[in-house]
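So the structure is just underneath, and the comments pick up after that.
Nothing in this text is a laboratory measurement; each read-out follows from the coordinates by a stated rule. The structure presented is a predicted model; accordingly, all values stated were derived computationally and were not measured. Positions of Cβ are generated from backbone atoms using ideal geometry, with glycine treated the same way; all protein chains shown enter the neighbour counts.
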Amino acid sequence: TERSLVLIKPDGFARGLTGAVLERIERKGYRLAALSVLTPTREMLAEHYAEHDGKPFYEPLVAFMSSGPVTAVVIEGEQCIAGFRSLAGATDPTKAAPGSIRGDFGRDWGNPVQENIVHGSDSPQSAAREIAIWFPGLG
Ligand code: GTP
Ligand code: MG
């Protein structure tokens, strides 16, 4: 079975959507393998978002992600990497389908970075890399 790293970003945390996101994950049949509430450091985020370094939204993204608590979750289940990205919906909340997390809760208006509630790993390689950043003790 696969594992994926899910983050409930500062917008989702501040708006009290942590329970709603976890409920959707569990309803889909994925298990929670680890869960932690923390305010990420810029160093962690630089590692996590290394692929976006240099893009126009990189600085606003790191500032936004370090602005408050996030809930980091390792989920587990058959094809949960693709499955969670489908639950999350398109990156841009305006385009995300209703019924998806971002389609139902995400905001895109007037912000330097898309406040799209959640992150989910995009491949098994990303998942392994990201889980090591957020849960260094997890095997
Ligand atoms: P994550 O699951 O958060 O990684 O989202 P993703 O894989 O759908 O998107 P991607 O990895 O390309 O981008 C990471 C995050 O940067 C997104 O979730 C957005 O918050 C932000 N972002 C990505 N592209 C843009 C963009 O074109 N403009 C703005 N303003 N923000 C962006
Ligand atoms: Mg991504």
Tell me which residues come under 5 Å, amide H to amide H, from Thr39 once H is placed; ignore anything under 5 positions away on its chain. Val70
Based on the Cβ-Cβ distance from Phe57 to Arg31, what FRET efficiency comes out when R0 is 35 Å, to the nearest 0.05? 0.60
Hey, can you grab everything whose amide H is under 5 Å from the amide H of Val118? Only 5+ residues off in sequence or another chain; H modelled, so Pro and N-termini drop out. Lys9
Expected 222 nm ellipticity per residue - DSSP helices of 4 or more, -39500 (n - 2.57), all of the chain, to 500: -10500 deg cm²/dmol
Relative contact order computed over segment 2-116 (Cα-Cα under 8 Å; 6+ residues apart), in percent: 33 percent
Vicinal HN-Hα couplings computed from phi for segment 34-51 (Karplus, 6.51 cos²θ - 1.76 cosθ + 1.60; Hz; Gly/Pro x): 6, 8, 8, 9, 7, 9, x, 7, 4, 5, 4, 6, 4, 5, 4, 9, 3, 5
How much FRET efficiency would the formula 1/(1 + (r/R0)^6) give for Thr41 and Arg107, where r is the Cβ-Cβ distance and R0 is 35 Å, rounded to 0.05? 0.90
For the pair Ala128 and Gln79, the simple spin-label estimate (label points 7 Å beyond Cα toward Cβ) gives in nm 2.2 nm
Expected vector for segment 114-127, Karplus 3J(HN,Hα) from phi with 6.51, -1.76, 1.60 and θ = phi - 60°, integer Hz, x for Gly and Pro, equals 5, 8, 10, 6, 9, 10, x, 3, 10, 6, x, 5, 4, 4
Plugging the Cβ-Cβ distance of Ser67 and Glu23 into 1/(1 + (r/R0)^6) at R0 = 25 Å yields, to the nearest 0.05, a FRET efficiency of 0.50
Coarse-grained scattering of the chain at q = 0.15 Å⁻¹, given as base-10 log I(q)/I(0) from a Debye sum over alpha-carbon atoms: -0.68
Within segment 32-139, report the GluC sites (Glu not before Pro) that DSSP leaves as loop and that have at most 16 other Cβ atoms within 10 Å. Glu78
Potential lengthening between Lys95 and Arg15 on full extension [0.36 nm per residue; Cα-Cα distance subtracted]: 26.7 nm
Cα to Cα, under 28 Å, and not fewer than 8 places away if on the same chain: which lysines meet these conditions relative to Lys28? Lys9, Lys95
Could you pull out the chymotrypsin sites (Phe, Trp or Tyr not before Pro) across segment 83-139 that fall in loop regions by DSSP (anything but H, G, I, E, B) with no more than 12 other Cβ atoms inside 10 Å? Trp109
